[in-house]
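Scroll down for the structure; my scribbles are underneath it.
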Amino acid sequence: MAGEDVEHSERMAAVEPAPRPVARRRLRALGVVPALRLLGWALGVGLEGLALAVSAPFSTRAALARRRASWRARSGRRLAATLGLLKGVFVKAGQFAAQRHDLVPREAGDALAGLRDRVPPLPLREIRPLVEDELGAELEVLFSRFDPEPLGAASMAQVHRARLPCGRDVAVKVQYPWLAESLEGDLALVRGLLAAWSRLPGYAGVDAPRLFAEFQAGLREELDFAREAAVATEIAANLAGDDRILVPPVIASHSSRRVLTMGFQPAVPFTDRAALARLGVAPREVVEIVARAYARQVFVDGLFHADPHPGNLFVIDEPEAARRPRVLFVDFGLSRRLDPQLRRELRAGLLALVQRDSDAFLAGMRRLGMIAAGADAGVRRSVEAMFARIAGQGGALGVAGSSVLALKDEAKALLRATDGLQLPNDLLLFAKTLSYVFSLGRELDTDVDLMRLCLPYALRFLAQPEA
């Protein structure tokens, strides 16, 4: 073991690619690079749109409709690709927009929904200074082993496996150094783009300042690793009664606002069927563990891990897995604590849905500022259509788990078709988290009825007295 640690110490000191040029980082920090890339995208889209308009008089109505749909879809894909190249704030802005089914056109939303924040990692030489500055010592003093190749890299940070001097294996999440330099310029550019977008025909009712405030608040929270550490610790405490769930402990001595060190646990992605078979774990068991954990978080605790994708949920690789599998939750950067008012209105809305009281449901929407002036009639028609659809499925508490995803798609279509709606982002994130869990459940085992598993927690939520 000692020889292995020495070998890794030598690798840490090995020559690596030089850091990116200072001039390029400066241009990035000033917003020049993202502005030019976005301008290039806009010019390309505009020129194609102009060509489409010029050819319109010479096209049949059906052909023109097909070409317009193709142009919109292509524009959305190019936007997603551009945001992906810019990384950081712009990837997060694209992901934020993708969940705004109430405001973003379907073609753009679909393209942005596929936006992934997996990026090529930075070399160790570029992140070493940040780790040492944040933790106050040289890397070789802080860790006896620090793998130069990361376990993964996303738009905001990359994660390295390491070992503490005491011999404990850990995972170290390191924020990209350039984020702090470019953050304010990137946010200013996003604010300007959002303001310009809200002036386009058809979007005059969009509350751009409110949208930007929600995005900025969520982004700053995600960049604060001290907050992430506190959230992980609190969620671990909330789920401590379930020994089938593990949240890695935070190593406070090796964590800061930009570096987060947590315990490392060998594990396999919980959607990896071959790995689950090797461990002797039935997918059904994994689905049930994850569903109950999320139902408790969203309905009972009000604080939930809001990023349940396969890169953040694992089955622990241990000899006891076949007999009693455990699920590992990682990456608590995207998490939410529901505001007390939103929690009250969510309870009231669910009760109105159960009781089929559309007037009470609409009243709650107005209290949350979700309905623009003059849009009541259209919103009412959409709400009543949604109520009728759910009633046809057996009522809010009688909807089968297999029907939830179909209802979700119908709700998205209603949002896009209803003018004057603007939902609180935390409410959308709440719904998105639950729909992700249902999607993952369907992927692993279609026979598991997630509604049946979640129902006791939902009923407990509905029965809670108003705070």
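Which residues, counting only those in region 67-100, are polar (S, T, N, Q), more than 15 Å from Asp186 (Cα to Cα) and touching a residue at least 40 places away in the same chain (Cβ under 8 Å)? Before the answer, list the steps.
In the first step, residues of region 67-100 are kept if they are polar (S, T, N, Q); the result is 70, 75, 82, 95, 99.
The next check asks that each one be more than 15 Å from Asp186 (Cα to Cα); those that pass are 70, 75, 95, 99.
Scanning region 67-100 gives a single hit, Gln99.
Matching residues to (1) in the same structural domain as Leu453 (by TED's automatic domain parsing); (2) buried (at least 20 other Cβ atoms within 10 Å of the Cβ); (3) over 19 Å from the mean Cα position of the chain (by Cα):
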residue	(1), (2), (3)
Glu221	no, no, no
Phe225	no, yes, no
Glu234	no, no, yes
Ala237	no, no, yes
Gly241	no, no, yes
Pro249	no, no, yes
Thr271	yes, no, no
Gly302	yes, no, no
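Gly202 falls short on exactly one of the conditions (1) within 20 Å of Phe264 (Cβ to Cβ); (2) part of a loop (DSSP other than H, G, I, E, B), and that condition is (1).
Quick check: is even one residue across region 324-331 within 18 Å of Lys432 (Cα to Cα), within 26 Å of the chain's Cα centre (by Cα), modelled with pLDDT of 80 or more and not in a loop (DSSP other than H, G, I, E, B)? There is at least one residue in region 324-331 that is within 18 Å of Lys432 (Cα to Cα), within 26 Å of the chain's Cα centre (by Cα), modelled with pLDDT of 80 or more and not in a loop (DSSP other than H, G, I, E, B). Residues in region 343-375 that are in a helix (DSSP H, G or I), of a type in the set (D, E, K, R), touching a Leu at 6+ places or on another chain (Cβ under 9 Å) and without any contact (Cβ under 8 Å) to a residue 40 or more places away in the chain: Glu345 only.
Scanning region 230-267 for residues that are without any contact (Cβ under 8 Å) to a residue 40 or more places away in the chain and of a type outside the set (S, T, N, Q) gives Ala230, Ala236, Ala237, Ala240, Gly241, Pro249, Val250, Ala252. Considering region 251-269, and only residues there that are closer than 13 Å to Phe329 by Cα and under 22 Å from the mean Cα position of the chain (by Cα), the residue that is modelled with the lowest pLDDT turns out to be Pro269. Checked across region 270-285, the condition of being at pLDDT below 90, in contact with a strand residue (DSSP E or B) (Cβ under 8 Å, 6 or more places away or on another chain) and of a type outside the set (Ser, Thr, Tyr) holds for at least one residue.
One residue stands out among those in region 31-86 that are of a type in the set (D, E, K, R) and out of contact with any helix residue (DSSP H, G or I) (no Cβ under 9 Å at 6 or more places or on another chain): the one that is farthest from Trp178 (Cα to Cα), which is Arg61. From the list Val141, Val159, Val174, the lone residue that is surrounded by fewer than 17 Cβ atoms within 10 Å (Cβ to Cβ), within 21 Å of Phe264 (Cβ to Cβ) and of a type in the set (Val, Ile, Thr) is Val141.
The values are calculated or read from the model by the stated rules, or taken from the named source; none is laboratory data. Treat the numbers as computed from the prediction; the structure is a model and nothing was measured. So basically every Cβ, Gly included, is an ideal-geometry build from the backbone, and we count neighbours across all protein chains shown.
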